[in-house]
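The values are calculated or read from the model by the stated rules, or taken from the named source; none is laboratory data. Everything numeric in this text was worked out from a predicted model, so none of it was measured. Glycine also receives a Cβ, built like all others from the backbone with ideal geometry; neighbour counts cover every protein chain displayed. What goes into the accessible areas is simple: the full protein's heavy atoms, side chains included, and nothing from ligands, DNA or RNA. Shrake-Rupley method; radii C 1.70, N 1.55, O 1.52, S 1.80 Å.
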Amino acid sequence: MAGLFESAGGGSAAIALDELEASILRSLEVQMLELIGPGPGAESDDPLAALFAEGPSEAPSDPALARLFPDAYGEPGEAVDPQTKELASEFRRYTELDLRARKRDDALSVIRALDELGGEGGALKVAPGDCLRWLGALNDLRLTLGARLEITEEDEEGLYGLPDSDPRKPLVMAYLWLGGMQESLIEAMTD
């Protein structure tokens, strides 16, 4: 079961992580929190600030953030007419902050569970309600790594044969491991 999920019955899942695996996963999730950034009103003492905050109207310039927060209309890199661009801007302005908050919550859920291991490896049982958070967090990590590595669907098969001397190898190994975790979690949830 090391590094992959197994069914724990009733829609829950279990995973055994060694100390290194837990540390890597926690580090990646902390980096995800840093990439996503603080929530709206984080710099304010006013608790109502977040309620009235509006999100950005432009797509992020960082390719990883653009992958995590894509435009609602049109295809990436494709020219769009002014009306479609305006619709995408409005949609982003009213939805991105909630999407960012959900992604932060997903990452924090994983971090908190890993913190229960006390910096060591061990077995974790993920409750049915938290499985979707884990799935979202793993997906976000994988999307981010894929964007950073500029991986396309055509590239995926070739990743398994990268030589050890390739500087991308550690990130590719993490990308593939996260994919295996995702797949095993889906299987565990449906068993």
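Overview of values
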read-out	value
Residue-count net charge about Pro63 - beta-carbon cut-off 12 Å; Lys, Arg +1, Asp, Glu -1	0
In Å², nearest 10: area of Trp177 left accessible to a 1.4 Å probe	50 Å²
Among Thr84, Ala72, Val110 the positive-end extreme of the charge dipole of the stretch 49-126 (Cβ point charges)	Val110
Around Arg92: net Lys/Arg minus Asp/Glu count, Cβ-Cβ under 13 Å	-4
³J(HN,Hα), Karplus 6.51/-1.76/1.60, whole Hz, each residue of the stretch 167-180, x for Gly, Pro	x, 7, 3, x, 5, 5, 4, 5, 4, 5, 4, 4, x, x
Around Arg104: net Lys/Arg minus Asp/Glu count, Cβ-Cβ under 13 Å	-2
Electrostatic dipole magnitude of the chain [Cβ: Lys, Arg +1; Asp, Glu -1; Cα centre; debye, to 20]	320 debye
Solvent-accessible area, 1.4 Å probe, carbon plus sulfur percent, for the chain	53 percent
Heavy-atom surface of the chain, accessible at 1.4 Å and reported per residue (Å²)	58 Å²
Cα gyration tensor shape for the chain, rounded if a/c is under 1.5, else prolate or oblate	oblate
Distant-in-sequence amide H partners of Ala8 (H built 1.01 Å from N, under 5 Å)	Ala13, Ala14
HN-Hα J in Hz across the stretch 108-114 - Karplus 6.51, -1.76, 1.60, θ = phi - 60°, x for Gly and Pro	5, 4, 5, 4, 4, 5, 5
